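Where a number appears in this text, it was derived from the coordinates with a stated rule and is not lab data. Just so it is clear, the structure is predicted and the values come from calculations on it, not from any experiment. Glycine also receives a Cβ, built like all others from the backbone with ideal geometry; neighbour counts cover every protein chain displayed.
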Amino acid sequence: MRLVDAQVHVWGADTPARPWPAGGAAAAHRAVPVTADETLAVLDAAGVHRAVLVPPSWEGDRNDLAWAAAARYPDRLAVMGRIPLTGPSNTEPLTRWRDRPGSLGVRLTLHRDPWRSQFRAGDLDWFWAAANAAALPVMVYAPGMCAALGEVARRFPDLRLIVDHLAVPVDAKYPEAFGHLGDLIALARHQRVAVKTTALPCHSRLPFPFPDLHEPLHRVFDAFGPRRMLWGSDWTRLPCPYGENLELFTHALPFLSPPDLRWIMGDTALDWLAWPVAPAGT
């Protein structure tokens, strides 16, 4: 079984030579930056083969460290990069997005302003159209806006949308964390919408095996199926060891069969992101 973590971060320090945006709304997951080598050590300890690098919002719309890491470790890491959404729209980079080795698609964070307000106002229509035209998969974190994502999916039925963290608000805990689950499940009618089951232990009130997560995950599985669910960690903000986040799926959910797990734990990510796998023996 190929194991692919659908969300990890690497980042650098906030320095004069490489400053973070002034007045950023998001705080880094920890004070010490995370390198690609540290990330790979975490993956190796758990037997995870690959990971998707998602540049963090606190660095602004930077992709440099993630792209450099993917270039250094092309068989292990790839990138869902960021694109500026404020200011004039610029669709030209999206037409060349996948020309860079290791660049798989785009990730949007729409849980804070100004991006949240832009989305609600329809000011991101240029982006959805351009990503659709470029056949780019889009990961999007937009808690509280599943209905609006459904409208995007309706207008662009070929656009591959992946809803991050099951659209759970950052600080929410069970049961409030899953009060929107009906709205999320309604997105399953759109066949090009998938979900990322990432960072879920952050929203549990109980220790491993996080029994309050099992019923919501069962409902999501029944709606989307294994070929539209991507497992991952967002490990730098997990309240538990990395291995427990992995074993929540591989050992604690009896409704998942071995074929289901093969898809959720890796093959769905490879499929939806069109991340090539070298043939056996090469």
field: From the options Val54, Val34, residue that is touching a strand residue (DSSP E or B) at 6+ places or on another chain (Cβ under 7 Å) and buried (at least 20 other Cβ atoms within 10 Å of the Cβ)
entry: Val54
- prompt: For region 119-136, what are the residues that are surrounded by 16 or more Cβ atoms within 10 Å (Cβ to Cβ) and not aliphatic (A, V, I, L, M)?
  reply: Phe119, Phe127, Trp128, Asn132
task: Mind listing just one residue for me: the one in region 113-126 that is free of Cβ contacts under 8 Å to residues at least 12 places away in the same chain and in a helix (DSSP H, G or I) and, of those, farthest from Leu40 (Cα to Cα)?
output: Ala121
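If only one of Trp272, Trp263 is of a type in the set (Phe, Trp, Tyr), closer than 19 Å to Gly105 by Cα, in contact with a Pro (Cβ under 8 Å, 6 or more places away or on another chain) and in contact (Cβ under 8 Å) with a residue 12 or more places away in the chain, which one is it? Show your work before the answer.
Numbers: Trp263 fails: closer than 19 Å to Gly105 by Cα.
Of Trp272, Trp263, the one residue that is of a type in the set (Phe, Trp, Tyr), closer than 19 Å to Gly105 by Cα, in contact with a Pro (Cβ under 8 Å, 6 or more places away or on another chain) and in contact (Cβ under 8 Å) with a residue 12 or more places away in the chain is Trp272.
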- prompt: Residue check: is Phe255 farther than 23 Å from Tyr73 by Cβ and loosely packed, with under 15 Cβ neighbours inside 10 Å?
  reply: yes
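Determine, yes or no, whether Met265 is in contact with a helix residue (DSSP H, G or I) (Cβ under 9 Å, 6 or more places away or on another chain) and closer than 19 Å to Phe178 by Cα. Step through it out loud before you land on a result.
Numbers: in contact with a helix residue (DSSP H, G or I) (Cβ under 9 Å, 6 or more places away or on another chain): yes; closer than 19 Å to Phe178 by Cα: no.
No.
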task: State the number of residues belonging to region 1-20 that are in contact with a Phe, Trp or Tyr (Cβ under 8 Å, 6 or more places away or on another chain) and over 20 Å from Met229 (Cα atoms).
output: 3
task: Of all residues in region 189-217, count the ones that are under 18 Å from Thr268 (Cβ atoms), touching a Leu at 6+ places or on another chain (Cβ under 7 Å) and surrounded by fewer than 20 Cβ atoms within 10 Å (Cβ to Cβ).
output: 1
- request: Return yes or no: is Val170 closer than 17 Å to Gly144 by Cα, touching a residue at least 24 places away in the same chain (Cβ under 8 Å), surrounded by 16 or more Cβ atoms within 10 Å (Cβ to Cβ) and β-branched (Val, Ile, Thr)?
  value: no
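Filter the strands (runs of 3 or more DSSP E) completely within region 127-204 down to those with at least 1 residues that are small (Gly, Ala, Ser). Can you show your working first?
On the way: elements: 138-141, 161-163, 193-197.
Qualifying strands (runs of 3 or more DSSP E): 193-197.
Starting from residues that are assigned to a helix (DSSP H, G or I) and in contact (Cβ under 8 Å) with a residue 60 or more places away in the chain, keep the ones in region 216-237 and report whichever is nearest to Trp11 (Cα to Cα). Working first, answer last.
Applying the first criterion (assigned to a helix (DSSP H, G or I)) to region 216-237 yields 216-224, 226-228, 235-237.
Keeping just the survivors that are in contact (Cβ under 8 Å) with a residue 60 or more places away in the chain gives 235-237.
On the way: Trp235: 13, Thr236: 11, Arg237: 14 Å.
Restricting to residues being assigned to a helix (DSSP H, G or I) and in contact (Cβ under 8 Å) with a residue 60 or more places away in the chain, the top hit is Thr236.
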task: State all residues of region 1-41 that are free of Cβ contacts under 8 Å to residues at least 60 places away in the same chain, closer than 30 Å to Trp272 by Cα and either in contact with an Asp or Glu (Cβ under 6 Å, 6 or more places away or on another chain) or among the aromatic types (Phe, Trp, Tyr) (or both); if no residue qualifies, say none.
output: Trp11
- request: Tally the residues that are touching a Gly at 6+ places or on another chain (Cβ under 9 Å) and surrounded by 20 or more Cβ atoms within 10 Å (Cβ to Cβ), restricting the search to region 104-118.
  value: 5
- prompt: Are there any pairs with C-beta distances below 7 angstrom linking a residue in region 60-85 that is in contact (Cβ under 8 Å) with a residue 12 or more places away in the chain to a residue that is assigned to a loop (DSSP other than H, G, I, E, B) and of a type in the set (Asp, Glu), with the two at least 6 apart or on different chains, and if so which?
  reply: Arg82/Asp61; Ile83/Asp61; Pro84/Asp61
